[in-house]
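The next block holds one structure in the form of structure tokens; read it before the comments.
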Amino acid sequence: MTTQVDHAEIKLGQILTMLLAVLAFVTKQPAYLIALGAVFLVTGFYRPLSPFVLIYRLIVRPLGIMRSDYRLDNIQPHAFGQLIGALTVLIAVALLYRGYGTAAWIVVGILFGLTLVSYLGWCIGCFFYYQLNRFGLKGFFRHAPTDKSVPLGRRPRKD
């Protein structure tokens, strides 16, 4: 369903994702990655209970730290992106526990990089979501882009 989506809420999640990824890397503590993966899963499956969403809605927005940035958009591609993030974290944690630390931290670096790119306006999860929609997959992938004037995965323009 096309609706108004607060992209400031999404941006805060991206900032907190990058912060947790850096914290995990600097401390070499997989617990931060596990927490991040749990946040991704909650956000992907039931956004209103997401810790990042709650931090935004209950603390950041009311204190005026960030202003709302509503855009006509579909939330489903962003949820799909969260599930891709959860899968990425799962891969990193599995690599860590199998003794492939270097490979695991490379995966975390890729997650950080893709999150940064998303923060700057292009989301790989949204891109894949809309590609799957374009290939005719229905169900979860039933939503077409709201702003056909921007490339797939790109943040919709502000009206």
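Considering only the range 50-60, I want to know if a residue exists there that is in contact with a Phe, Trp or Tyr (Cβ under 8 Å, 6 or more places away or on another chain) and farther than 21 Å from TRP122 by Cβ. Checked the range 50-60: no residue is in contact with a Phe, Trp or Tyr (Cβ under 8 Å, 6 or more places away or on another chain) and farther than 21 Å from TRP122 by Cβ. Listed by position, the helices (runs of 4 or more DSSP H) enclosed by the range 76-159 that each have at least 3 residues that are of a type in the set (Phe, Trp, Tyr) are 101-120, 124-134. Whether any residue in the range 79-90 is hydroxyl-bearing (Ser, Thr, Tyr) and in contact with a Leu (Cβ under 8 Å, 6 or more places away or on another chain) is what I want to check. The answer is yes, given that some residue of the range 79-90 is hydroxyl-bearing (Ser, Thr, Tyr) and in contact with a Leu (Cβ under 8 Å, 6 or more places away or on another chain). Only residues that are within 20 Å of LEU16 (Cβ to Cβ) and either more than 16 Å from the chain's Cα centre (by Cα) or buried (at least 16 other Cβ atoms within 10 Å of the Cβ) (or both): list them for the range 92-112, please. The answer is ALA92, VAL93, TRP105, VAL107, VAL108, LEU111, PHE112. In the range 50-72 there is no residue matching the filter, namely being touching a residue at least 40 places away in the same chain (Cβ under 8 Å), over 20 Å from GLN4 (Cα atoms), surrounded by 13 or more Cβ atoms within 10 Å (Cβ to Cβ) and under 17 Å from the mean Cα position of the chain (by Cα). Would you call TYR119 aromatic (Phe, Trp, Tyr) and open to solvent by less than 40 Å² (accessible area, probe 1.4 Å)? No: the conditions fail for TYR119. Of everything in the range 61-94, what is over 20 Å from ILE124 (Cα atoms), out of contact with any helix residue (DSSP H, G or I) (no Cβ under 7 Å at 6 or more places or on another chain) and among the charged types (D, E, K, R)? Give them in sequence order. Answer for the range 61-94, where residues must be over 20 Å from ILE124 (Cα atoms), out of contact with any helix residue (DSSP H, G or I) (no Cβ under 7 Å at 6 or more places or on another chain) and among the charged types (D, E, K, R): just ARG61.
Here's the yes/no breakdown for (1) touching a His at 6+ places or on another chain (Cβ under 6 Å); (2) more than 19 Å from ASP69 (Cα to Cα); (3) assigned to a helix (DSSP H, G or I):
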position	(1), (2), (3)
VAL5	no, no, no
LEU19	no, yes, yes
VAL39	no, yes, yes
ILE55	no, no, yes
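As a summary of the residue check, PRO77 satisfies the conditions (1) closer than 25 Å to LYS148 by Cα; (2) surrounded by fewer than 18 Cβ atoms within 10 Å (Cβ to Cβ); (3) not polar (S, T, N, Q) except for the one numbered (2). Select from the range 95-132 the residues that are touching a helix residue (DSSP H, G or I) at 6+ places or on another chain (Cβ under 7 Å), more than 20 Å from GLY37 (Cβ to Cβ) and touching a residue at least 12 places away in the same chain (Cβ under 8 Å) and list them in ascending order. TYR130, the sole residue that qualifies.
The values are calculated or read from the model by the stated rules, or taken from the named source; none is laboratory data. Small disclaimer: the values here were computed from a predicted structure and weren't measured. Backbone-built Cβ (ideal geometry, glycine too); neighbour counts: all protein chains shown. Side chains are part of the model used for accessible areas, which takes the heavy atoms of the whole protein and leaves out ligands, DNA and RNA. Shrake-Rupley method; radii C 1.70, N 1.55, O 1.52, S 1.80 Å.
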